[in-house]
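Student: Shown below is the structure under consideration.
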Ligand code: MRU
């Protein structure tokens with residue numbers, strides 16, 4: 001159906017846009033972010049000189065996506081340490097900036113532990129700051145490596161589940177190089193399929209209300225010359241019904257011990273659709289997203305976002321009028337239900353793909369075994 005009509009974006013600028021980088025200009029170290037709220041209209045950098053600027057960038061979604069939040073959180077602790085701020089205070093503020101993506105707290109904890117350990121051992125704040133920065137850099141590097149391994153495992157699984165090839169993959173939200181030290185999670189699998197000549201179509205959910213699919217995934221797909229088509233979230237049902245989806249590939253913000261998956265709101269309805277239409281629903285996430293301390297889906301804290309994200313539409317290039325700085329699309333005073341994430345129960349998940357391999361069927365025991373294997377490495 002849409003294959004003949006679909007086209008890639010016209011923009012073919014390089015794909016290696018660093019979502020985040022550490023710099024050390026003469027004025028002092030900074031964390032430089034690609035401001036994702038401004039994409040795709042413009043590539044604007046946001047320079048964070050302290051942890052509170054980074055907390056604000058995390059809340060506004062200038063920097064976002066589970067793995068990148070972990071990396072940013074770790075660099076945030078390093079930034080506080082290097083610039084002589086109170087590290088414990090900065091770490092608490094960073095870890096609490098958004099509640100659902102467990103990677104954020106994990107990244108902050110790792111850099112903070114490195115800082116504490118070095119301070120206790122040497123008594124030297126400069127060495128402690130260097131240790132925090134080394135921990136952030138290591139996490140950044142490991143995430144890139146994990147991304148490549150997830151892509152390989154994910155493509156192998158796709159090929160196994162869909163031996164006929166010519167994969168038509170539906171994805172939700174944004175899971176590419178904008179959320180990772182590497183090429184991402186679910187998007188990295190689709191990209192690997194594309195490079196192997198086996199991606200027939202990437203269906204990109206626009207992902208209301210903040211349009212991570214339309215603004216960011218389409219942006220990344222265009223730059224990688226992938227065959228992609230954008231759809232409104234509520235068009236997914238008719239696409240399944242038309243037999244146009246072979247697999248769903250999504251990321252995760254937190255995976256509970258029982259395999260429940262919190263991801264961008266709209267993921268759960270896709271899982272229900274996929275089950276009804278006998279289509280594999282595959283979650284791709286690094287092991288750091290699996291949270292053994294969260295027993296089940298009901299225990300995952302789902303972030304509630306401001307109502308104006310639903311009652312208004314924001315775009316950098318249009319004049320702003322609404323209370324949230326956007327164009328109102330609902331009557332003034334309208335209440336909105338705006339959870340950032342939803343939770344998909346494990347029985348609807350065909351497989352969870354990590355850098356350590358895939359778990360399928362998804363059970364508490366299989367996930368625990370995979371995490372234990374990862375800790376042994
Ligand atoms: O609110 P966001 O944009 O941070 O949400 C991001 C997602 O839901 C992603 O799908 C998830 O973090 C996985 S990214 C690899």
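The values are calculated or read from the model by the stated rules, or taken from the named source; none is laboratory data. These figures come from a predicted structure and were not determined experimentally. In this analysis, Cβ positions are derived from the backbone assuming ideal geometry, glycine residues included, and neighbour counts consider all displayed protein chains.
Student: Restricting attention to segment 210-235, report how many residues are farther than 12 Å from residue 167 by Cβ and out of contact with any helix residue (DSSP H, G or I) (no Cβ under 7 Å at 6 or more places or on another chain).
Tutor: So the answer is 16.
Student: Same structure, new question: Failed condition for residue 200, given (1) under 18 Å from the mean Cα position of the chain (by Cα); (2) outside any helix (DSSP H, G or I), with all others met?
Tutor: Unmet for residue 200, out of (1) under 18 Å from the mean Cα position of the chain (by Cα); (2) outside any helix (DSSP H, G or I): (1).
Student: When you go through 156, 105, 151 one by one, which is the residue that is closer than 30 Å to residue 247 by Cβ, within 16 Å of the ligand (Cβ to nearest atom) and in a helix (DSSP H, G or I)?
Tutor: Only one candidate qualifies: 151.
Student: Moving on to the next point. Would it be correct to say that residue 158 is more than 18 Å from the chain's Cα centre (by Cα), buried (at least 24 other Cβ atoms within 10 Å of the Cβ) and closer than 22 Å to residue 344 by Cα?
Tutor: Numbers: more than 18 Å from the chain's Cα centre (by Cα): yes; buried (at least 24 other Cβ atoms within 10 Å of the Cβ): yes; closer than 22 Å to residue 344 by Cα: yes.
Yes; evaluated as a whole, the condition is true for this residue.
Student: Of the residues 251, 213, 237, 243, which single one is farther than 19 Å from residue 355 by Cα and within 10 Å of the ligand (Cβ to nearest atom)?
Tutor: Residue meeting the stated conditions: 213.
Student: Could you figure out which of (1) within 16 Å of the ligand (Cβ to nearest atom); (2) within 20 Å of residue 215 (Cβ to Cβ) isn't true of residue 290?
Tutor: Residue 290 satisfies all of (1) within 16 Å of the ligand (Cβ to nearest atom); (2) within 20 Å of residue 215 (Cβ to Cβ) except (2).
Student: Looking at segment 51-62, is at least one residue assigned to a helix (DSSP H, G or I) and free of Cβ contacts under 8 Å to residues at least 24 places away in the same chain?
Tutor: yes
Student: Another one. Would you call residue 165 in contact with a helix residue (DSSP H, G or I) (Cβ under 9 Å, 6 or more places away or on another chain) and outside any helix (DSSP H, G or I)?
Tutor: Answer is yes for this residue.
Student: Another question, if that's okay. Here are some conditions: (1) under 23 Å from residue 59 (Cβ atoms); (2) touching a helix residue (DSSP H, G or I) at 6+ places or on another chain (Cβ under 6 Å); (3) within 16 Å of the ligand (Cβ to nearest atom). Residue 334 meets all but one. Which one does it not meet?
Tutor: (3) is the only condition that residue 334 fails.
Student: Just a yes or no: is a residue in segment 39-62 away from the ligand (no atom under 13 Å from the Cβ), touching a helix residue (DSSP H, G or I) at 6+ places or on another chain (Cβ under 9 Å) and modelled with pLDDT under 95?
Tutor: yes
Student: Is there a residue being at pLDDT 95 or above, surrounded by fewer than 24 Cβ atoms within 10 Å (Cβ to Cβ) and more than 11 Å from the ligand (Cβ to nearest atom) anywhere in segment 68-82?
Tutor: Yes, segment 68-82 has at least one match.
Student: Do you know which residues across segment 186-209 are in contact with a helix residue (DSSP H, G or I) (Cβ under 6 Å, 6 or more places away or on another chain) and either near the ligand (Cβ under 10 Å from one of its atoms) or over 27 Å from residue 59 (Cβ atoms) (or both)?
Tutor: 188, 189, 192, 193, 199, 202, 207
Student: Suppose the filter is away from the ligand (no atom under 16 Å from the Cβ), in contact (Cβ under 8 Å) with a residue 24 or more places away in the chain and touching a helix residue (DSSP H, G or I) at 6+ places or on another chain (Cβ under 6 Å); does residue 279 pass it?
Tutor: It is false that residue 279 is away from the ligand (no atom under 16 Å from the Cβ), in contact (Cβ under 8 Å) with a residue 24 or more places away in the chain and touching a helix residue (DSSP H, G or I) at 6+ places or on another chain (Cβ under 6 Å).
Student: Going residue by residue through segment 292-312, is there one that turns out to be within 27 Å of residue 43 (Cβ to Cβ), touching a strand residue (DSSP E or B) at 6+ places or on another chain (Cβ under 8 Å), free of Cβ contacts under 8 Å to residues at least 40 places away in the same chain and not in a loop (DSSP other than H, G, I, E, B)?
Tutor: yes
Student: Condition test on residue 206, is it touching a residue at least 12 places away in the same chain (Cβ under 8 Å), more than 18 Å from residue 250 (Cβ to Cβ), under 17 Å from the mean Cα position of the chain (by Cα) and surrounded by fewer than 24 Cβ atoms within 10 Å (Cβ to Cβ)?
Tutor: no
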